[in-house]
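Any read-out appearing in this document is the output of simple, stated calculations on the displayed coordinates, not a laboratory observation. Remember, it's a predicted structure, so these values are computed and weren't measured experimentally. Please note: Cβ atoms are built from the backbone with ideal geometry, for glycine as well, and neighbour counts cover all protein chains shown.
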Amino acid sequence: NLPFFITCLVVLKIIKHYQEEGQGSEVVQGVLLGLVVEDRLEITNCFPFPQHTEDDVDFDEVQYQMEMMRSLRHVNIDHLHVGWYQSTYYGSFVSRALLDSQFSYQHAIEESVVLIYDPIKTAQGSLCLKAYRLTPKLMEICKEKDFSPEALKKACIGYEHMLEEVPIVIKNSHLINVLLLDLQEKSTVADKHELLNLSSSNHLEKSLQLLMDRVDGMSQEIVKYNTYCRNLTKQQQQKQQYLQRRQQENTQRQSRGEPPLPEEDINKMFKPPQAPPRMDTLLIAGQVNNYCQNIKAFTSQNLGKLFMAEALQGHSS
Amino acid sequence: MCCCPATARIPWRPALSFSSSPFVIFLHFLYKIMAVHGPLVKIHPVVLASIVDSYERRNEGASRVIGTLLGTADKHSVEVTNCFSVPHNESEDEVAVDMEFAKNMYELHKKVSPSEVIIGWYATGYDITEHSVLIHEYYSREAPNPIHMTVDTALQSNKMNIRAYVSSQMGVPGKTVGVMFTPLTIKYIYYDTERIGVDLLQRTRASPSRTNGLTTDLAQVASAAGRVQEMLSTMLSYIEDVLSGKVMADNSVGRYLMDLVNKVPKITAEDFESMLNSNINDLLMVTYLANLTQAQIALNEKLVVL
């Protein structure tokens, strides 16, 4: 997968947007602007979406977007809508809404991405910005809007094949480099070294709680699917029994010389049970997978730090 | 760029000319030594990045870019958190600023962050020209006591000079009244997450293609530890210099060092062992659970497909 470029302005704007408008577990969203250069995506600017508040019922999102893009075009900012960004709370972003939005973007522009900014992980010491795209297989399924088990089985989609991560590369112009140099010389902000922080229980607790919720949801879906399977087999058995009885009756009647009973439409009598939609299960599985990966990354970092602390302590005592 | 009908021709008012070089040099000299009377200006890096970006995208023939600064102001300081560029036309004797555009953009921005207000404007370039006075006047109608920021993107002094000014009346009352721009102190402030982001961005300076990927987890811990190690070795070399008499001992530095040494907690070996082990156990258990869950959903996936 070809990495795509992003400039420092976009990174800073996303960080600022979350910091100012999105405290707590609210999600902030915005639009990414850029251009496609030799089938490589370059994201050069972005603008935020306002939060949905109850007192702004007549707020027209589309109009806001159109006006913003029109104004930005006047100042020569690239106005091609190449994707969108969203903040996330502890890594929970795999949802139906995300899927739908990303599908509509990717339908229009093939190289669209959704940038997921994780502010909590960033506050722990290193910028966490990931870009995702829907896999082509998933795009096909979404186009058909057919989420039944058979269709998914045919396309061989597992939860790992839903979203593919695209590597990000930060690319800056020379003038921005000069600016960064200037900032480094002049700013007297002390480094706080959050990355070397040893405490982990708070973060682990929250992550595990979210994981438990999803696993609960997952088990519910599994139960639903199992009942569906059971109903299906029971119904098959009933069908067989009915056919057999019919057969027996018919032979009996024939032996007695009476006309056989009319053939009845089997399918109308035994309506097959509704197959539960598999999309939700896939989404939950994907989300659980994401949580697990985040937790593992976090624990590996912390284990490293703890071993370092042990070495230092052993050294000094 | 077509001239929008909403641009206004600002009437030319007499003002002291600042384009003569001795005065400019004097002003910059003043900037360095004068005590500043005015609010402290706190700038976020996103504003500067946005200004540089609009400068890079300016129309052909335009020598500078102007725009509005948004932020919050209180009694002693002004915090600049956002900005947007405003199209304008500048020629020898007149200046046209698209005020409709500015108003529109401000409305749009207000929808996202209702707490940001117009607090001034910026211009790229080294000097304050007469046109700046006119534009400043327009902005004084929008905000009380607006600040004017200049960013030298043409790098005239081999550095990107970022300056801020506030205007004040001067001259003889009753006769010709002029406008003087007094410089203000600038401080760069960052949110924590901003600082971490800028840290990563600084690393792009090192690579020749000005690019940088985002690194993996353990590598980040390693680099953070490396930085602390560097700092410790700098400190150690300084201490050795002082001890061997090469450098004069400084009391305040000595106090900081003592603070530092005292901050290391004194824990007995057994306590530390037990704390370490319990932490490691927690982390290992969570890793095991995460792996188990992943195996479980993979199995479930396979079973459904059967």
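In bins 10 Å wide, starting from 0, what share of all Cα pairs of region A:4-197 does each bin hold, as a percent?
8, 30, 35, 20, 6, 1, 0
Can you pull the mean other chain C-beta count within 10 Å for peptide A:74-81? Before the final figure, lay out the partial values.
On the way: counts 11, 15, 9, 5, 1, 0, 0, 0.
Per residue, the average neighbour count from other chains is 5.
Any idea what angle helix A:61-74 forms with the longest principal axis of chain A, computed on alpha-carbon atoms, 0 to 90 degrees, nearest 10?
Tilt of helix A:61-74: around 40 degrees.
Under 12 Å from the Cβ of A:Val31, count the other residues' Cβ atoms, weight Lys and Arg +1, Asp and Glu -1, and hand me the total. It would help to have the intermediate numbers written out before the result.
On the way: positive: A:Lys13; negative: A:Glu61, A:Asp78.
Summing Lys/Arg as +1 and Asp/Glu as -1 gives -1.
Would you kindly work out the equivalent ellipsoid of region B:36-192 from its C-alpha gyration tensor and give its semi-axes, the square roots of five times the eigenvalues, largest first in whole Å? Walk me through the intermediate numbers first.
Numbers: eigenvalues 93, 78, 60 Å².
Its equivalent ellipsoid spans semi-axes of 22, 20, 17 Å.
Could you list A:Ile176, A:Ile109, A:Ile15 so that the one with the fewest beta carbons within 10 Å of its beta carbon is first and the one with the most is last?
Numbers: A:Ile176 22, A:Ile109 14, A:Ile15 28.
Lowest count first: A:Ile109, A:Ile176, A:Ile15.
Treating only the Cβ of Lys, Arg, Asp and Glu as charged (+1, +1, -1, -1), what charge dipole size does the protein assembly as shown show about its Cα centre? Round to the nearest 20 debye.
Working: 58 positive and 72 negative charges, 182 e Å.
The calculation lands at about 880 debye.
Rank the residues A:Glu26, A:Glu160 as a footprinting-exposure proxy: fewest other Cβ atoms within 10 Å of their Cβ go first. Can you show the working numbers first?
Details: A:Glu26 12, A:Glu160 15.
With the sparsest Cβ surroundings first, the list reads A:Glu26, A:Glu160.
Other chains' Cβ within 10 Å of B:241-251 residues: what's the mean?
Details: counts 0, 0, 0, 0, 0, 0, 0, 0, 0, 0, 0.
That works out to 0 on average.
Would you please give the residues with an amide H less than 5 Å from that of B:Cys83, counting only those at least 5 places away or on a separate chain, with H modeled from the backbone geometry?
B:Leu70
Rounded to the nearest 10 degrees, what's the angle between the helix A:174-186 long axis and the longest principal axis of chain A, both from Cα atoms, 0 to 90?
The helix A:174-186 is inclined about 60 degrees to chain A.
Suppose only helical runs count, i.e. DSSP H with n ≥ 4. What mean residue ellipticity at 222 nm does that imply for the protein assembly as shown under -39500 (n - 2.57) per run, divided by all residues and rounded to the nearest 500 deg cm²/dmol? Working shown, then result.
Details: 18 runs with 313 residues, N = 623.
Helix contribution divided over all residues of the protein assembly as shown: -17000 deg cm²/dmol.
To make sure I understand the rule: partners must be lysines, Cα under 18 Å from the Cα of B:Lys111, and not fewer than 8 residues away in the same chain. Which ones qualify?
Output for B:Lys111: A:Lys13, A:Lys16, B:Lys103.
For a bin width of 20 Å, list the pair-distance distribution of the protein assembly as shown built from all Cα-Cα distances, rounded to whole %.
Taking every Cα pair in the protein assembly as shown, the percentages come to 15, 40, 28, 11, 4, 1, 0.
Rounded to whole Hz and in sequence order, give me ³J(HN,Hα) for region A:100-107 from the Karplus expression 6.51 cos²θ - 1.76 cosθ + 1.60, θ = phi - 60°, writing x for Gly and Pro.
Rounded to whole hertz, the list is 4, 4, 5, 5, 5, 5, 5, 4.
Please list, ordered by chain and number, the residues whose modelled amide H lies under 5 Å from the amide H of A:Leu41; skip anything fewer than 5 residues away on the same chain.
A:Phe5
Taking the highest mean first, how do the peptides B:276-282, A:279-285, B:97-103 order by number of other beta carbon atoms within 10 angstrom per residue? Working shown, then result.
Values: B:276-282: 14.1, A:279-285: 22.3, B:97-103: 20.0.
Per-residue Cβ counts within 10 Å, averaged per peptide and sorted highest first, yield A:279-285, B:97-103, B:276-282.
Angle between the Cα long axis of helix A:201-256 and the longest principal axis of chain A, 0 to 90 degrees, nearest 10?
Once rounded, the angle reads 20 degrees.
Order of A:Cys46, A:Cys8 from fewest to most other C-beta atoms within 10 Å? Could the numbers behind the result be given before it?
Numbers: A:Cys46 24, A:Cys8 28.
Exposure proxy ranking, most exposed first: A:Cys46, A:Cys8.
Could you grab the relative contact order for chain A? Cα pairs under 8 Å, six or more apart, rounded to a whole percent. Display every interim value, and only then the final one.
Details: 342 pairs, mean separation 59.2, N = 317.
Result for chain A is 19 percent.
Report the net charge of residues surrounding B:Lys159, where surrounding means a beta-carbon distance below 9 angstrom and charges are Lys +1, Arg +1, Asp -1, Glu -1. All intermediate terms of the calculation are to be shown ahead of the outcome.
Numbers: positive: none; negative: A:Asp182, A:Glu185, B:Asp152.
Charge balance in the 9 Å sphere: -3.
Per-residue Cβ counts within 10 Å, from other chains only, averaged over A:299-312: what number is that?
Details: counts 10, 6, 6, 7, 7, 6, 6, 6, 2, 3, 4, 5, 0, 1.
Mean partner-chain Cβ count within 10 Å for A:299-312: 5.
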